[in-house]
Amino acid sequence: MTGTQGSCCKTGEGGAAADNGGCGCKGGGAGVQVTTSCGTGSCGAMSGAGLVWGVVALALRLGVAAVFLTAAYMKLRPAPGPMAMSGPQDFSGAIKAFRLGLPDEMIRLTTSAVPWTEAICGVLLLIGLWTRAAATVAALLLTGFTALIASALARDLSIKCGCFGEAGLICHGPISACKYLENGIFIAAAVAVMLTPRHLVSVDDGVLGRRRW
């Protein structure tokens, strides 16, 4: 057996290479040539730089998950009191405030679909299942929200975002250019997670055998 990354692969019957870690092994004849495509110094073990980025990507992934789970909860929460509005009522009012001319059926559909999509993305990112796909959906949702905010600002609407109910993470009060900064940070984090091929402490990397997507 020959290779540049140590004993990543093993030779099977007839001198064929067997993949011993999902890193992509090639071989032929009497020897095996090791190739890897998963950013590791040896098969199944991250290099030093890869480990550092893995920790950063983990923090970003959990941060985006927390943002989406919080946003979903605020849109789905029950009314805190008999005279207060529930999360769905708040979110429905926020959609109407954007004056998009949507029919009532579309507003009801959006009121239901958006928070559950956020919740599913948040859970998938939290546990690291279909991580890159979930991050892609998160980035697309955030981009769509940013486009709606840009539309409202262009029309001089003084309204609240409705993203986190009455609360805000970085920006508070009526929507302003501050939302570009807030959403830009979240989009950048989601894109970084989306572009990271392997994720630490994730179902993708553990139980499912170091999946690439």
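If you take the residues in region 93-112 that are over 18 Å from residue 147 (Cα atoms) and among the small types (Gly, Ala, Ser), which one is modelled with the lowest pLDDT? Looking at the filtered set, the residue picked out is 93.
In this structure, is residue 163 more than 16 Å from the chain's Cα centre (by Cα), closer than 21 Å to residue 76 by Cβ and surrounded by 12 or more Cβ atoms within 10 Å (Cβ to Cβ)?
So residue 163 passes the test.
Inspection of region 135-151 finds a residue satisfying the criterion of being touching a Leu at 6+ places or on another chain (Cβ under 9 Å), surrounded by 15 or more Cβ atoms within 10 Å (Cβ to Cβ), assigned by TED's automatic domain parsing to the domain that holds residue 171 and closer than 15 Å to residue 177 by Cβ. Which residues, taken from region 116-134, are hydrophobic (A, V, I, L, M, F, W, C) and either touching an Asp or Glu at 6+ places or on another chain (Cβ under 8 Å) or not in a helix (DSSP H, G or I) (or both)? Those that are hydrophobic (A, V, I, L, M, F, W, C) and either touching an Asp or Glu at 6+ places or on another chain (Cβ under 8 Å) or not in a helix (DSSP H, G or I) (or both): 129, 130. Taking the stated definitions as given, is residue 108 in contact with a Gly (Cβ under 9 Å, 6 or more places away or on another chain) and either surrounded by 14 or more Cβ atoms within 10 Å (Cβ to Cβ) or assigned to a helix (DSSP H, G or I) (or both)? No; evaluated as a whole, the condition is false for this residue.
Residues in region 58-93 that are without any contact (Cβ under 8 Å) to a residue 40 or more places away in the chain and outside any helix (DSSP H, G or I): 78, 79, 80, 81, 82, 83, 84, 85, 86. Residues that are charged (D, E, K, R), farther than 17 Å from residue 160 by Cβ and free of Cβ contacts under 8 Å to residues at least 40 places away in the same chain within region 94-146 comprise 104, 105, 108, listed in sequence order.
The values are calculated or read from the model by the stated rules, or taken from the named source; none is laboratory data. The shown structure was predicted, so the numbers you read here are calculated from the model rather than taken from an experiment. Reconstructed Cβ throughout: ideal geometry from the backbone, glycine too, with neighbour counts over all protein chains shown.
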